[in-house]
Amino acid sequence: MNLEQHKFANILAVIAMETPVANRFDVYWKSGVKHQGKIQVAILADIADKRIVAELVGMQHLIDDLEALGNTPAIQGIKLVFSASAVKKVHANRSDKKHLYPYAYFLTTRFAGVTVAVDQDDSWIKPRSEDRVTSIQVDEPPGQSIVVNHVGKILVTRHVLDKFSQRMNNLDPAQTWRHLAKTLASARLDTVQVSETRQDLDLAQHANQGIRLVDQLSRWCFVIAPNRQGRQTIVTAYLR
């Protein structure tokens, strides 16, 4: 998407269509009235409700990678529209489809405060949607990225958010995300040297000892290590 020509809308909609190829879906999307596209989603993970998963990962791809809401979108006023009614229940933490929650991580943390709606009308899909086509492959939940000052976007685990929530008197997920995002966006990070015993423990817990960075402003220490796909991830955090 050409960000210089795109006027960011506060309403994004997706609808997944099955294709003749098994486990392959075309997720059509629209941003506002004028902007449309298609995401070709291959679901390789062994999971039920693959069409719903396609809509979830398609929406996250639209937000995180295509930046349809901008680089650092404000949450207030945003409306995300899906065709699968199950997504609304997951967003509200009222679904019995527990296997969907890992794929809806972005909805229950960063976007916990947005409006989620359901609309199965596909009459808005126009031929111009074929002008913007991207492809993604899903073999596990994509996780959620966050911007770290002078580092860029890296993944963050639910464990880190839980740690922040506990330290901040059990803030709700949306408040916790805002606090963590603000902390990392302005962090002054220095490398922390740890003992060999601590390094061995990190290897046992995270399969890679990674690096420890302490924020000189907040005194939070972040342990960053690659996940199974080699993507840099904040795996835990604690106050020094």
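The values are calculated or read from the model by the stated rules, or taken from the named source; none is laboratory data. All of these numbers come straight from a predicted model, not from anything done at the bench. For neighbour counting, all protein chains shown are included, and Cβ atoms are generated from backbone atoms with ideal geometry for every residue, glycine included. Accessible surface areas use protein heavy atoms only, side chains included; no ligands, DNA or RNA. Shrake-Rupley method; radii C 1.70, N 1.55, O 1.52, S 1.80 Å.
Observations, loosely collected:
- Verdict on Gly37 being modelled with pLDDT of 95 or more and within 14 Å of the chain's Cα centre (by Cα): no
- Leading residue by the ranking (surrounded by the most Cβ atoms within 10 Å (Cβ to Cβ)) among those in segment 149-168 that are among the hydrophobic types (A, V, I, L, M, F, W, C) and either touching a Cys at 6+ places or on another chain (Cβ under 9 Å) or not in a helix (DSSP H, G or I) (or both): Val156
- Any hit, segment 169-179, residues being out of contact with any Phe, Trp or Tyr (no Cβ under 7 Å at 6 or more places or on another chain), at pLDDT 85 or above, within 17 Å of Lys153 (Cα to Cα) and assigned to a helix (DSSP H, G or I): yes
- Residue within segment 190-208 that is open to solvent by less than 70 Å² (accessible area, probe 1.4 Å), modelled with pLDDT of 85 or more and not acidic (Asp, Glu) present: no
- Among residues of segment 146-171 that are touching a residue at least 24 places away in the same chain (Cβ under 8 Å) and β-branched (Val, Ile, Thr), those with a beta-carbon under 7 Å from a residue that is part of a loop (DSSP other than H, G, I, E, B) and surrounded by fewer than 15 Cβ atoms within 10 Å (Cβ to Cβ) at least six positions away or on a different chain give the pairs Val147/Thr72.
- Enumeration of residues in segment 134-148 that are open to solvent by less than 60 Å² (accessible area, probe 1.4 Å), more than 12 Å from the chain's Cα centre (by Cα) and either small (Gly, Ala, Ser) or at pLDDT 90 or above (or both): Thr134, Ile136, Val138, Val148
- Among (1) farther than 22 Å from Val133 by Cβ; (2) in contact (Cβ under 8 Å) with a residue 12 or more places away in the chain; (3) not in a helix (DSSP H, G or I) - the single one Gly70 does not satisfy: (1)
- Count of segment 79-115 residues which are touching a residue at least 12 places away in the same chain (Cβ under 8 Å), in contact with a helix residue (DSSP H, G or I) (Cβ under 7 Å, 6 or more places away or on another chain) and of a type in the set (S, T, N, Q): 4
- In segment 43-67, the qualifying residues are those that are closer than 24 Å to Glu18 by Cβ, part of a loop (DSSP other than H, G, I, E, B) and not hydrophobic (A, V, I, L, M, F, W, C), and the one that is least open to solvent (accessible area, probe 1.4 Å) is Asp49.
- Screening the candidates Gln120, Gln137, Gln76 for the property of being outside any loop (DSSP other than H, G, I, E, B), of a type in the set (S, T, N, Q) and touching a residue at least 12 places away in the same chain (Cβ under 8 Å) yields one hit, Gln137.
- Taken together, the residues in segment 219-240 that are in contact with a strand residue (DSSP E or B) (Cβ under 8 Å, 6 or more places away or on another chain), polar (S, T, N, Q) and either at pLDDT 85 or above or more than 12 Å from Ile154 (Cα to Cα) (or both) amount to 3.
- Scan of segment 83-117 for residues that are in a loop (DSSP other than H, G, I, E, B) and not hydrophobic (A, V, I, L, M, F, W, C), ordered by number: Ser83, Asn93, Arg94, Ser95, Asp96, Lys97, Thr109, Arg110, Gly113
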